[in-house]
Structure formats: C-alpha cells, structure tokens
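Visitor: Following this message is one structure expressed as structure tokens.
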Amino acid sequence: MRRTLPTLRHLRDKEARHLVKEFTEKFPSAGEVLGSARNVEELLIDGNAALFFDGRPLILRTNAGLIPSLRFDEVVNTLSKVVVDMGAVAHVANGAHIMRPGIREIRGTFARAQLVAIVDEKFGKNVALGIADMDSESMRSASKGRVVTNVHYAGDKLWNSFTAVKPT
C-alpha cells in the first residue's frame, strides 16, 4: 500500500492575520516573527493542526488552544520552566504527564492553567510543553501527584508531521 504525504493548505491573508492576532495576544514575543511571514500554511493531523510560517512549524492548534510548537524558540524560551530529572525525560517524551517527584527545579512564576516548558536537567533542552495543574508556589510545596498536563512533546504526531511534509 502506498503512503501519501499529508498536504498543506494555504491560509488566506485574512485567516492568517486573525491567527497571528489571536496568538500574539497570548504570546507577544511572537509578533515580529509571525508578522513578517509571507506564507502561512496549515497541516491537519488527527483533529489538530500545525501552522507553518514561511516553512517553519511555529503554531499548533490543539485541544489546549493555540500554543507554540517546540520549534518556536522565540516564544518557548520566554516561558516559565519546569526542569525534570533525566529519568522522567523518556516518559515525558512518550506523552506522560509531569509528576511532582520527577521535578528538580521550577523556574519562574506562573498561574494554574498557564503554559510552561518542560526542560531536561542535564542539557536544558525543551522536551515538552504542558499546562500547569497548579500555580508555581503550590507546585514548589507539593510532594506528589501530577502537576503538569503534557500537551506537546518531541516525538508526538504533530512533531513528527514537521518532517513528513515539504512546505511550498
């Protein structure tokens, strides 16, 4: 059986402007990169979407709303960080949620339901993005349980779609 590559849909200018406006309201640091893009395309994957700006997969539309992809360094690097031990990295990279015992450090201050970057302790590499199940102070004082819901990780279907398509 022959496998077909996913196809990209070009967004009209009005759609792209609306998308950029909505995203930059949440993540102002994205404005310069997104505002200068000439070509915006959408790739649908299992009810979610990856949005490519001039060939770069920068925004994801998921159940969690519009979030940056792990490849959107200009935004991801501005997020608060939850640093996990190396034993947790393999689980997180398979979609597991972040449990309090696996956390080594919490960098920054954030509210419940805010997007945070999940970083490995050895290399400081962003391995996932998650929605905080509690604010940073509560997370620091917690000793067990799930504290971050994993919403995007290196190796998920959206991540893998980035290399499966050739942007136009």
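The values are calculated or read from the model by the stated rules, or taken from the named source; none is laboratory data. Since the structure is predicted, the reported quantities are computational estimates derived from the model, not experimental observations. Using ideal geometry, Cβ is built from the backbone for each residue, glycine included, and neighbour counts are taken over all protein chains shown. Surface accessibility is based on the protein's heavy atoms, side chains included, excluding ligands, DNA and RNA. Shrake-Rupley method; radii C 1.70, N 1.55, O 1.52, S 1.80 Å.
Visitor: In segment 1-98, carbon and sulfur make up what percent of the accessible area (probe 1.4 Å)? Please list the in-between numbers first.
Guide: Details: 2780 of 5520 Å².
Carbon and sulfur together cover 50 percent of it.
Visitor: In Å, what Kirkwood hydrodynamic radius results for segment 3-84 from the alpha-carbon pair distances? Kindly include the intermediate steps, with their values, before the conclusion.
Guide: Numbers: mean 1/r = 0.0755 Å⁻¹.
For segment 3-84, inverting the mean 1/r across all distinct Cα pairs yields 13.2 Å.
Visitor: Counting only protein heavy atoms and using a 1.4 Å probe, what share of the accessible area of segment 101-159 belongs to carbon plus sulfur, as a whole percent? Let's see the in-between values first.
Guide: Values: 1440 of 3010 Å².
Carbon and sulfur atoms account for 48 percent of the accessible area of segment 101-159.
Visitor: Rounded to the nearest 20 debye, what is the charge dipole size of the chain about its Cα centre when +1 sits on each Lys and Arg Cβ and -1 on each Asp and Glu Cβ? Please report the intermediate quantities before stating the final value.
Guide: Values: 24 positive and 19 negative charges, 70 e Å.
In total the dipole reaches around 340 debye.
Visitor: I need the per residue convex hull volume for segment 69-168, using only the alpha carbons, in cubic angstrom as a whole number.
Guide: Values: hull volume 9.4 nm³, N = 100.
Convex hull of Cα atoms, per residue: 94 Å³.
Visitor: List the residues, sorted by chain then number, that are 5 or more residues from Gly155 or on another chain and whose placed amide H is less than 5 Å from its amide H.
Guide: Distant-sequence amide H within range of Gly155: Asn160.
Visitor: Another question, then. Based on the alpha-carbon gyration tensor of the chain, what equivalent-ellipsoid semi-axes (square roots of 5 times the eigenvalues) come out, in whole Å, largest first? Show your work: numbers first, answer last.
Guide: Numbers: eigenvalues 171, 69, 31 Å².
Each semi-axis is √(5λ); the values are 29, 19, 12 Å.
Visitor: Quick one: work out the % antiparallel among DSSP beta bridges in the chain, nearest 5.
Guide: On the way: 33 of 37 bridges.
If we restrict to bridges inside the chain, about 90 percent are antiparallel.
Visitor: Using the heavy atoms of the protein chains alone and a 1.4 angstrom probe, what is the accessible area of segment 26-79 per residue in square angstrom? It would help to have the intermediate numbers written out before the result.
Guide: Details: 2360 Å² over 54 residues.
With all protein chains present, segment 26-79 gives 44 Å² per residue.
Visitor: Sticking with this one: Show me, bin by bin at 5 Å from 0, the whole-percent P(r) of segment 37-113 based on Cα pairs.
Guide: 3, 13, 17, 21, 21, 13, 8, 3, 1
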